[in-house]
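Below is one structure, written out as structure tokens; comments come after it.
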Amino acid sequence: MGRSGSWKQALRYLNQKKYLYILLIPCVVYFFIFNYIPMYGVIMAFKDFNFAKGILGSPWVGLDNFRYMFGLSDFYQVFWNSFYLGILRLVFGFPFPILLALFLNEMRSMIFQRVSQTIIYLPHFISWVVIGGILVNFLSPTWGVVNIFLGKFGFDPIFFLADTDYFRPIVILSSIWKESGWGSIIYLAAIAGINSELYEAASIDGAGRLKKLWYITLPGIKSTIVVLFLLRLGQIMGNGFEQIFVLQNPMNLSVSEVFETYAYRVGILGGRFSFGTTVGLFTSVIGLIFLLIGNAIAKLFKEEGIW
């Protein structure tokens, strides 16, 4: 009787929310087709993949691909490059959309706010290939605007993209410029969901804008920040292929070679497709470990986490 009642209650709830679930169907279908079905290809990491035999017909080699990966002389340098760049993205890149959202929220002129939002969203839609070309031209030691400007003050030209000391700052700054505006949308939506009566009550109590920001806005979006931080932590080893690839050259390879470009160079160009899958699986496991640790720490601090 109890079980029958719970089923009726569940069906009643589904009937009430049926249009919301109908809207959810395309998203579920998309993730099922493009994210879950391809997961069977992970078994390539444990096989010596052969195009003629296919994934299932290729011979099983167990952990040989992982032994090969760990035995490569440049593997640990690539691991450090990926991890270090991921940490830099987390430390410098993650807070910027939050600060940008707080700044936009404090604007009093709605027209100026809308124009500013449109301008800072635009870089997200520009391809990294285009941005890479812009950076190459701006930072060129011969005709680049930056070096021309430095030359006016008596400085020698600097080949920024060939100098290993400048590569990581260029990657981080260009990533912030391109994606921070788009990333701020989620935080602006979270801020919009804060009860306006809290701000009115704070104004009556004499709180200024900074105190409202510190005691109302930030606590109001804290759960959103935690969830997005954990999701970013799960991608700690992922630095994206396009950005690194378009800025990479033989002069900066010692700091620019990350797992995405490494898998492309050794796995795709070298014809070792199983190795490319091995690298992807390895980075995913590392990301999962960081995600589990981060979620456990969030639970210790009484935060919701992601589950």
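Hey, among SER203, SER254, which residue is part of a helix (DSSP H, G or I), surrounded by fewer than 17 Cβ atoms within 10 Å (Cβ to Cβ) and modelled with pLDDT of 90 or more? Write out each step before concluding.
On the way: SER203 fails: modelled with pLDDT of 90 or more.
Going through SER203, SER254 in turn, just one is part of a helix (DSSP H, G or I), surrounded by fewer than 17 Cβ atoms within 10 Å (Cβ to Cβ) and modelled with pLDDT of 90 or more: SER254.
Return the residues of segment 24-35 that are surrounded by fewer than 10 Cβ atoms within 10 Å (Cβ to Cβ) and modelled with pLDDT of 85 or more; say none if nothing qualifies. Walk me through it before giving the result.
Here is the first cut: in segment 24-35, the residues surrounded by fewer than 10 Cβ atoms within 10 Å (Cβ to Cβ) are 25-27, 34-35.
Matches in segment 24-35: ILE25, PRO26, CYS27, PHE34.
Name the single residue, out of those in segment 150-170 being closer than 26 Å to ILE126 by Cα and of a type in the set (Phe, Trp, Tyr), that is surrounded by the most Cβ atoms within 10 Å (Cβ to Cβ).
If we take residues in segment 150-170 being closer than 26 Å to ILE126 by Cα and of a type in the set (Phe, Trp, Tyr), then PHE167 is surrounded by the most Cβ atoms within 10 Å (Cβ to Cβ).
Taking the condition in the same structural domain as THR283 (by TED's automatic domain parsing) and more than 19 Å from SER284 (Cβ to Cβ), does SER73 pass?
yes
Just to check your reading of the model, which residue among VAL279, VAL266, VAL226 is touching an Asp or Glu at 6+ places or on another chain (Cβ under 6 Å) and either crowded, with 20+ Cβ neighbours inside 10 Å or over 29 Å from LEU161 (Cα atoms) (or both)? Reasoning before the result, please.
Details: VAL279 fails: touching an Asp or Glu at 6+ places or on another chain (Cβ under 6 Å); VAL266 fails: touching an Asp or Glu at 6+ places or on another chain (Cβ under 6 Å).
Among VAL279, VAL266, VAL226, only VAL226 is touching an Asp or Glu at 6+ places or on another chain (Cβ under 6 Å) and either crowded, with 20+ Cβ neighbours inside 10 Å or over 29 Å from LEU161 (Cα atoms) (or both).
Looking at LEU218, LEU173, LEU188 in this structure, which one is surrounded by 12 or more Cβ atoms within 10 Å (Cβ to Cβ) and either in a loop (DSSP other than H, G, I, E, B) or touching a Leu at 6+ places or on another chain (Cβ under 7 Å) (or both)?
Within the list LEU218, LEU173, LEU188, the selection yields LEU188.
Can you list the helices (runs of 4 or more DSSP H) found entirely within segment 1-111 that contain at least 3 residues being more than 30 Å from THR164 (Cβ to Cβ), of a type outside the set (Gly, Ala, Ser) and within 30 Å of the chain's Cα centre (by Cα)?
Numbers: elements: 2-16, 18-31, 54-57, 64-71, 75-88, 95-105.
Counting at least 3 such residues, we get 18-31, 95-105.
The values are calculated or read from the model by the stated rules, or taken from the named source; none is laboratory data. Worth saying up front: this structure is predicted, and the values here are computed from it rather than measured. Methodologically, a virtual Cβ is constructed for each residue, glycine included, from the backbone with ideal geometry; neighbour enumeration extends over all protein chains shown.
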